[in-house]
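Structure first, then comments.
The values are calculated or read from the model by the stated rules, or taken from the named source; none is laboratory data. Since this is a predicted model, take the numbers as computed values, not measurements. All Cβ positions, even for glycine, are placed from backbone atoms using ideal geometry, and neighbour counts span all protein chains on display. When the accessible area is computed, the model is the full protein with side chains, heavy atoms only, and any ligands, DNA or RNA have been set aside. Shrake-Rupley method; radii C 1.70, N 1.55, O 1.52, S 1.80 Å.
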Amino acid sequence: MLARLATAAVIAVSACCAGLAFSMPPLPPQAAPGDLIFRQGTENVSHLVQAVDHGDFSHVGMLVGRPGQWQVLHATPSERPGQADAVVLDSLDFFLDAQRARAYRLYQVASDPGTRERAVAWAMAQQGKPFQLQGDAQDLYCTTLVWQAWQQGGMDLGVVFTRLELPILGGRYLLPGQLLRSSRLRPLTPLLSLH
């Protein structure tokens, strides 16, 4: 009898915990395609970006899809074996996995529906394009992808590029902190820890 109760308890706890271990917190109901999800990364390059930016975040992507099936479109160095450095579409769970992210925050871009649709459509059309980080405003990396998408949609986010003089990466860059200064962004979540 005790053995059966113990087995039932282990199964119940395992089922309960298994659901918790792999599910991300749901996004707020106001979340919409085109909103921006910023993350604190776990890799060395993430720490470098945060140190140079003096900010909380090292990476950003654009939310696409719909509630329950959210995905994130982002320009990134490869995060999967065999994947090119490029604009990729990942599940929200993959984007926020604890291997890649310590925390995140979702920001809504204040816009009309038509501008939002155009921004998302332009961003989605960039899938597969190579990730470029050479210190030029036309480069394609995480912040410039979402900035250019909204610009192509018809909205100026009013960003400022930062001039950096680093040994390997000299030039002008759009850092996450500068993107966050846009008056068009408003937080939908607090900073949410993933650890």
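Observations
- Selection of the stretch 154-181 for residues being farther than 20 Å from Trp122 by Cα and at pLDDT 85 or above yields Val160, Phe161, Thr162, Arg163, Arg172, Tyr173, Leu175, Pro176, Gly177, Gln178, Leu180, Arg181.
- Selection over the stretch 60-69 of residues that are touching a strand residue (DSSP E or B) at 6+ places or on another chain (Cβ under 9 Å) and over 14 Å from Arg39 (Cβ atoms) gives a count of 3.
- Qualifying residue in the stretch 3-16 (condition: surrounded by 12 or more Cβ atoms within 10 Å (Cβ to Cβ), modelled with pLDDT under 95 and of a type in the set (S, T, N, Q)): no
- When we screen Val88, Val72, Val49 for residues that are surrounded by 14 or more Cβ atoms within 10 Å (Cβ to Cβ), touching a His at 6+ places or on another chain (Cβ under 9 Å), in a strand (DSSP E or B) and among the β-branched types (Val, Ile, Thr), the only hit is Val88.
- For Met124, the stated conditions do not hold, so it cannot be described as farther than 21 Å from Ser78 by Cβ and not basic (Lys, Arg).
- Residue in the stretch 121-132 that is part of a strand (DSSP E or B) and touching a strand residue (DSSP E or B) at 6+ places or on another chain (Cβ under 8 Å) present: yes
- Residues that are open to solvent by 60 Å² or more (accessible area, probe 1.4 Å) and not small (Gly, Ala, Ser) within the stretch 125-137 comprise Gln127, Lys129, Pro130, Gln132, Leu133, Gln134, Asp136, listed in sequence order.
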